[in-house]
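Student: Pasting a structure here, questions to come.
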Amino acid sequence: MEYRIGQGYDVHQIREGLPMWLGGVQIPSTSGFVAHSDGDVAIHALCDALLGALALGDIGHLFPDTSDEWKGIDSKILLTKVMEKVRSLGWQVGNADITIALQAPKLAPHIAAMREALAGILGVGVDRVSVKATTTEHLGFVGRGEGCEVWAVVLICRSL
C-alpha cells in the first residue's frame, strides 16, 4: 500500500443573518459564515487536506471564488467533486480528523450528524471520521465571536 497525509486549514468570518453550515450540517444559529459558497469551513478544510495529500493545490484553485458557478454552492458538492478526483487517481480515504474552533454555538449536539454526513461523502465508516469542537476560551477572533477556524488531517491510501 502507498499512503499520503494531507492537512487543511480554513477560516471564515461570522455575520448575523447568515446560515451556519459545518461538516455538511446546518447548525441552528442566528449567525453564519461569510463566503462565496455556503461557507462550510469544515468541509473547505477537509477539501484542502485531500487536495494537499495529492499535491493538487487548494480548494480556491479548483473552485475559485471569482466564478459564479460556485456562488452559494452546497459545500457537500465541492467535497463530492474532490472525492471524485481522489478516486479517479486510485486513492481512498483511510481516515479524517477535523478540529473546529468556534466560541458559539455549542457543537456537541451536532457532531454525530457531521460525522455521518462526511463519512457518506468520503465513502468510509463513521468510525473513520473524527470531528472535534473546541472554543478558544474567549481569546482571539474566534473567542470574540468574529470567526471560525478549522483544521483537518486525512490519511489516504492506494494499492501499489
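The values are calculated or read from the model by the stated rules, or taken from the named source; none is laboratory data. Here the structure is a predicted model, which means the values were calculated and not measured. Don't worry about glycine lacking a Cβ; one is built from the backbone with ideal geometry, like all the others, and counts go over all protein chains shown. Ligands, DNA and RNA are excluded from the accessible area calculation, which covers all protein heavy atoms including side chains. Shrake-Rupley method; radii C 1.70, N 1.55, O 1.52, S 1.80 Å.
Student: Measure of size requested: the Rg and Dmax of segment 2-46, with Cα atoms as the atom set and Å as the unit; please supply both.
Tutor: 12.4, 45
Student: Output wanted: per-residue J couplings in Hz (rounded whole) for segment 92-102, from phi through Karplus 6.51 cos²θ - 1.76 cosθ + 1.60, θ = phi - 60°, x for Gly and Pro.
Tutor: With coefficients 6.51, -1.76 and 1.60, one gets 9, 7, x, 6, 9, 10, 10, 10, 10, 9, 8 Hz.
Student: Check which residues have an amide H placed less than 5 Å from S31's amide H, if you skip close sequence neighbours.
Tutor: For S31, the qualifying residues are G17.
Student: In square angstrom, what is the accessible area per residue of segment 1-144 with a 1.4 angstrom probe?
Tutor: 48 Å²
Student: Through the Karplus equation 6.51 cos²θ - 1.76 cosθ + 1.60, θ set to phi - 60°, convert the phi angles of segment 19-25 into ³J(HN,Hα) values in whole Hz; use x for Gly and Pro.
Tutor: x, 10, 10, 9, x, x, 10
Student: Within straight cross-link reach of K81, meaning Cα distance under 19 Å, which aspartates and glutamates are found once same-chain residues fewer than 8 apart are removed?
Tutor: The reachable aspartates and glutamates, counting only those whose Cα sits under 19 Å from K81, are D10, D38, D40, D48, D58, D65, D68, E69, E116.
Student: Would you mind telling me the share, in percent, of accessible area of segment 1-58 contributed by carbon and sulfur at probe 1.4 angstrom?
Tutor: The computed percentage sits at 52.
Student: At a 1.4 Å probe radius, carbon and sulfur cover how many percent of the accessible area of segment 79-160?
Tutor: In segment 79-160, the share of accessible area belonging to carbon and sulfur is 54 percent.
Student: For S37, what residues show an amide H to amide H distance below 5 Å, using hydrogens built from the backbone and excluding near sequence neighbours?
Tutor: Here G72 satisfy the definition.
Student: How large is ³J(HN,Hα) for each residue in segment 139-148, as worked out from phi by the Karplus curve 6.51 cos²θ - 1.76 cosθ + 1.60 (θ = phi - 60°), to whole Hz, x for Gly and Pro?
Tutor: For segment 139-148, the Karplus-derived couplings read 9, x, 5, 5, x, 7, x, 8, x, 9 Hz, x marking Gly and Pro.
Student: Would you tally the net charge around L79, using a Cβ to Cβ cut-off of less than 12 Å, leaving L79 out, and scoring K and R as +1, D and E as -1?
Tutor: Spelling it out: positives minus negatives among the neighbours equals -2.
Student: Just add up the charged neighbours of G147: K/R +1, D/E -1, any other residue whose Cβ is under 15 Å from the Cβ of G147.
Tutor: -3
Student: What FRET efficiency comes out for T80 versus R4 if R0 is 25 angstrom and r is the Cβ-Cβ distance? Round to the nearest 0.05.
Tutor: It comes to 0.80.
Student: DSSP loop GluC sites (Glu not before Pro) in segment 114-157 with at most 16 other Cβ atoms within 10 Å of their Cβ, which ones?
Tutor: E137, E146
Student: Please compute the net charge surrounding G60, taking Lys and Arg as +1 and Asp and Glu as -1 over other residues with Cβ under 11 Å from its Cβ.
Tutor: Within the 11 Å Cβ shell, the charges total -4.
Student: For the chain, what is the per residue volume of the convex hull drawn over the alpha-carbon atoms, in cubic angstrom?
Tutor: 100 Å³
Student: So, one more: Using helices alone, I'd like the mean residue ellipticity at 222 nm for the chain: each DSSP H run of four-plus residues gives -39500 (n - 2.57), total over residue count, nearest 500.
Tutor: Helix-only estimate at 222 nm: -8500 deg cm²/dmol.
Student: In angstroms, what radius of gyration and Dmax does segment 74-127 have, counting Cα atoms only?
Tutor: Values for segment 74-127 (Cα only, Rg and Dmax): 12.7, 39 Å.
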